[in-house]
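Here the structure comes first, spelled out in structure tokens, and everything after it is commentary.
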Amino acid sequence: MMKNLLLALYILVGIVLLVAGIEAFRDKKNPAHVGTGLFWIIMAVIFAFGDMLPSVVSGILVVIMGLLAFFKQIKIGNIPEVSEQRAKKSAKRLGWWVFLPSVILAVIAFCISQYTKLGGQIGIGIASIVSLIVAWIETRSSAKDVYFDTHRSIRAMGTAGVLPQLLAMLGAVFTAAGIGKLTAQIIAGIFPAGNHLLGVALYCIAMAIFTIIMGNAFAAFAVITTAIGIPFVVAQGGNPAVVAALGMTAGYCGTLLTPMAANFNSLPVALLDMKDETGVIKAQAPVAIVMLLVHIVLMYFLAF
């Protein structure tokens, strides 16, 4: 049942991406409308039929997407803006209730992932559907508005929309390739084991740096924990639970500093039409650095 439910959610995502691809094709004012439409349609096929496609076919489709991006055949194009007057009117009417769908999404996703056997992925999928229905009712929108805002949001992401999937895969590839063991050997040849503060600092900073490179703390966690966290902190007497928890959140400090974390740092730039492409990162940088130092201090005192 869980597998079928998850498959249904992926197919639903594929349908949404297909809508974005069709609308991109129809945008004749966009000089790259063919490449843009093809990009989103290929992504729709991978999401909807990924389990059914041979791995070679999926790989070829991903390479095609990469070539489209390399030759700059993917552009946002001309997306009609939401009426500013209507937006202000709706904002005034809704007030703080505008955040209700987001809160519902978070609460339902958490409850499903924690208190049922369905897991986090299915939880987020179900929560997203419920949140969309609540937003639809709350804003009194028409079906046309929902259709328009769906493809508008996706197309506004551009190529950043594919980064989370690619980065998650990259972490698995790095782990399978033994990057963690190789990194451990290199670090061991430079820094001696046994110094608690040095080990903690190395682990937290490496988690942040590797997350900056990969854009995903989850992908960095397996590699850096194997390479540094276990031999330099846990093996020296560090509490594994404390080290793992703070190690993961130390990686999130790196998430705040990298354009590779597209859904956090690049996506807001696209959706808010910001002129400074690194504006979000610049605003977050001081907080990220301070929090990284806090993580080092907390791990040093709490893990030992």
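Brief remarks on what is shown
- Boolean, T258 is at pLDDT below 90, open to solvent by less than 70 Å² (accessible area, probe 1.4 Å), closer than 20 Å to T159 by Cα and outside any helix (DSSP H, G or I): yes
- Identity of the residue in the stretch 69-98, under 27 Å from the mean Cα position of the chain (by Cα) and polar (S, T, N, Q), that ends up farthest from I22 (Cα to Cα): Q73
- Filter result for L12 (more than 14 Å from I79 (Cα to Cα) and surrounded by fewer than 18 Cβ atoms within 10 Å (Cβ to Cβ)): yes
- Residue check for L267: within 18 Å of M291 (Cα to Cα) and surrounded by 19 or more Cβ atoms within 10 Å (Cβ to Cβ): no
- The conditions of being hydroxyl-bearing (S, T, Y), surrounded by fewer than 21 Cβ atoms within 10 Å (Cβ to Cβ), more than 14 Å from I296 (Cα to Cα) and at pLDDT below 80 are met by T183.
- Filtered residues of the stretch 196-235 (kept if at pLDDT below 85 and either assigned to a loop (DSSP other than H, G, I, E, B) or open to solvent by less than 30 Å² (accessible area, probe 1.4 Å) (or both)): M214, G215, N216, A217, A219, A220, V223, A227
- Selection count, the stretch 127-141, where residues are more than 10 Å from L105 (Cβ to Cβ) and not polar (S, T, N, Q): 5
- Among the residues making up the stretch 20-37, a single one is among the aliphatic types (A, V, I, L, M), under 8 Å from Q73 (Cβ atoms) and surrounded by 19 or more Cβ atoms within 10 Å (Cβ to Cβ): A32.
- Looking across the stretch 264-304, just one residue is touching a His at 6+ places or on another chain (Cβ under 7 Å) and over 20 Å from G251 (Cβ atoms), and that is F304.
- Some residue of the stretch 72-92 being open to solvent by 100 Å² or more (accessible area, probe 1.4 Å) and hydrophobic (A, V, I, L, M, F, W, C): no
- A127 without any contact (Cβ under 8 Å) to a residue 40 or more places away in the chain, in a helix (DSSP H, G or I) and open to solvent by 40 Å² or more (accessible area, probe 1.4 Å): no
The values are calculated or read from the model by the stated rules, or taken from the named source; none is laboratory data. This one's a predicted model, so the numbers in the text were calculated from it and none came from an experiment. Every residue, glycine as well, gets a Cβ built from its backbone with ideal geometry; the counts of neighbours run over all protein chains shown. To get the accessible areas, we keep the full protein, side chains included, count just its heavy atoms, and leave off ligands, DNA and RNA. Shrake-Rupley method; radii C 1.70, N 1.55, O 1.52, S 1.80 Å.
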